[in-house]
Amino acid sequence: MSPQSRHRRARRRLQAWCLAALASLSVAAAAANDGPGWAQPNDWPQYHRSHNAWRFSPLQQINKSNVQRLRVAWVHQPGSITHGLQATPIVVDGVMYTVGPDNNVFALDAASGAVLWRYTPKLDPIVREVFYGSASRGVTVGRGKVFLGTLDGRIVALDQKTGKPLWDTQLTEKVKDRGALFSSPPQLAGDILFGGTTGGDQPIIGKIFAVRADTGERAWTFEIPRDDPKSWPGKSRESGGGSAWLPGTYDPATDTIYIGTSNAAPDFDRSERRGDNLYTATLLALEPKTGKVKWHRQEVPNDSWDFDAAYEALVVPDGRGRNVIVHLNKNGFVYVMDKDKGSLLNAWQYAENLNWARGVDLKTGLPIDPVYPEEGQQKLHCPNLLGARSWNHGAYNPKTGYWYSHGMEVCNTVTSAKQGPTPLAGLSLGLSEITLLDPPGKKADGWFGAMDPITGRSIWRVRYELPALASVLTTAGGLVFTGDMEGRLYAYDADNGRELWKFNAGSGSRGGPISYAVGGKQYIAIPTGLGSHAVGFLSGVFPKIRELPGGAALIVFSLDSAP
């Protein structure tokens, strides 16, 4: 064989080896980037994008090197600005589904913003009388339908292609339930659609409802205040509040619903409810078909601070070959627990300023030496009733292993009082005074940062003069997107928190930013328009908020055409 032939054969062997190695690396990468959080990369198919609540997009066309080239692709305005835009849009196969104030649902061309259809429900007049009104956090899409939880206590199914109503089920008793309403979208668990209402601050028995997604037929109803006189002495259960006002999640691998519940009522007066008040302030694991409890973890027994346990159940790897739930409570602690049993693995302090308890007992899960409100005596509690963070969701990036989330460093004084009769629009708070104020010796503010979700170790943190109320998006492009109360939208470097991009939207953010792709082009969509009752509460300690403009604009960005 000539030297030239041997050289060609060696070169072919080398090329074959390289191709095999590249194929092997590609398969390995695909395997590593497989499963929840990575599937359907071009879509944002559910509220948190994936059932593990990561709010992570696998798309990386927009990345650290080019994010400065983001430009407005299109803007959608729903026509009303009451309470701004609080929704997280859904995108499936190039169509965006979102909701504006007063339950107005839109299907939009996700590449151009063109309206494909609109649904405006006819709402019961009671919606004009209740405390919580106008705002909705989104819709759910699946089984050829778009599902909406309404401001008058119904779930409505719309045809996904046309927006025409298919079925409509009234679930609440409007007057008896004090106008309890669906402020968040119900979620799918197979052919079951489940969700809860407002009502934690009202003298009702809060509930989680489930219907059959194809017909609207009732499947089960779960009463959150448990029928147990030890848990609820006397008649306290009848006005014990409890609700599940944020979306739950569904794990198809274990056929489990995870959903958190609200505080007990009256919020700050526990004199008539001296039990543990199950299942309020609890993370529940439920069977989708029956609503039966698989396990529960009550994070704040006898909640007398309005701390709830309603936030997202984040599921992340613990580095030891298993997935765990990471659950932030308004009380300023994060609870790390076994996903399948609910057993407590760790609890760490999230809030910088915290005095209502000395910590969490890892053996019992109970708060250590809690400081309760007292009738006729003013007490200082940190964090405040809005929480160490409001309901604006964090995001987890599997490439960095970091959890990105906002915090607010605000306290409140409170004086408990007997709760009298409550009108339809009233809240059962059980207090004579509550005032939001600075932490002792410090100025109230907000922060945004990256953390190890298992240990709480801080990676980086940036300060905000006003606590931000927007949710968070993180991407495989190494970016983290969010917005502040003053109308600025940001992209940060996921590794170190360096600001890479900023845009002035004109009004603050309260909704959920998302990313998706159409025709090979990646987009970033950010709902803007400052709203919600939290804004009003915070204006007491941050007077500047009173000067901030409202709004309601869904702003969508893409890269410019520069090479």
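The values are calculated or read from the model by the stated rules, or taken from the named source; none is laboratory data. Treat the numbers as computed from the prediction; the structure is a model and nothing was measured. FYI the Cβ positions are ideal-geometry reconstructions off the backbone, even for glycines, and counts take in every protein chain you see. In case anyone asks, the SASA skips ligands and DNA or RNA and just uses the protein heavy atoms, side chains included. Shrake-Rupley method; radii C 1.70, N 1.55, O 1.52, S 1.80 Å.
Computed per residue of the chain from DSSP H runs no shorter than four, each worth -39500 (n - 2.57), the mean residue ellipticity at 222 nm is -2000 deg cm²/dmol. Per the Debye calculation on the range 333-384 with a single equal scatterer at every Cα and no solvent contribution, log₁₀ I(q)/I(0) for q = 0.14, 0.16, 0.19 Å⁻¹ amounts to -0.44, -0.54, -0.70.
Ligands, DNA and RNA left out, the accessible area of the range 166-317 computed with a 1.4 Å probe is 48% carbon and sulfur. Counting only the Cα atoms, the range 453-523 fills a convex hull of 117 Å³ per residue. Shown here for the range 266-333: GluC sites (Glu not before Pro) in loop regions (DSSP other than H, G, I, E, B) with at most 16 other Cβ atoms within 10 Å, namely E272. For the range 349-414, the solvent-accessible area with a 1.4 angstrom probe is 35 square angstrom per residue.
For the range 214-276, the Kirkwood radius over C-alpha pairs fed into Stokes-Einstein at 20 °C and 1.002 mPa s yields D = 156 µm² per second. Distance from the alpha carbon centroid of the range 278-341 to that of the range 151-211 works out to 22 angstrom.
Measuring how big the range 45-104 is from its alpha-carbon positions, Rg and Dmax come out at 14.2, 40 Å. Computed with the Debye formula from one identical point scatterer per Cα of the range 377-479, without solvent, the log10 of I(q)/I(0) at q = 0.13, 0.15, 0.20, 0.25 Å⁻¹ comes to -0.61, -0.74, -1.01, -1.29.
Bridgeable lysines around K544 (alpha carbons under 29 Å apart, same-chain partners fewer than 8 residues away excluded): K330, K379, K442, K443, K502. According to the square roots a ≥ b ≥ c of the eigenvalues of the Cα gyration tensor, what is the shape class of the range 149-206, taking rounded for a/c under 1.5, prolate for a/b larger than b/c otherwise, and oblate for the remainder? Since a/c reaches 1.5 and a/b is larger than b/c, the shape of the range 149-206 is classed as prolate. Expressed as a whole percent, the accessible area of the range 63-104 that falls on carbon and sulfur atoms is 46 (1.4 Å probe). Hydrodynamic estimate: the Kirkwood radius of the chain over Cα pairs, inserted into Stokes-Einstein at 37 °C and 0.692 mPa s, corresponds to D of 136 µm²/s.
Note on the range 524-563: Cα-only Rg and Dmax are 15.2, 49 Å. Taking the Cα atoms of the range 295-342, the ratio Rg/Rh between the radius of gyration and the Kirkwood radius comes to 1.01. Structural size metrics of the range 486-531, computed from C-alpha coordinates, are Rg and Dmax of 12.1, 34 Å. Amide hydrogen proximity for L500: with H placed 1.01 Å from N in the peptide plane, the residues at 5 or more positions away or on another chain lying under 5 Å are A491, Y492, D493. Here the contact order of the chain, divided by its residue count and restricted to Cα pairs under 8 Å and six or more residues apart, works out to 14 percent. Entry comment: accessible area of the range 428-521 is 33 Å² per residue, from protein heavy atoms only and a probe of 1.4 Å. Compactness of the range 254-338, taken as the C-alpha radius of gyration over 2.2 N^0.38 Å, stands at 1.16. Note on the range 363-464: with neighbouring protein chains present and a 1.4 Å probe, carbon and sulfur make up 55 percent of its accessible heavy-atom surface.
Considered as an equivalent ellipsoid built on the Cα gyration tensor, the range 93-235 has semi-axes of 30, 17, 12 Å, the largest given first. Using a cutoff of 8 angstrom between alpha carbon atoms and counting only pairs six or more residues apart, the relative contact order for the range 457-540 works out to 22 percent. Computed over protein heavy atoms with a 1.4 Å probe, the accessible surface of the range 78-132 works out to 40 Å² per residue.
Over all distinct Cα-Cα pairs of the range 236-390, the Kirkwood formula returns a hydrodynamic radius of 15.9 Å.
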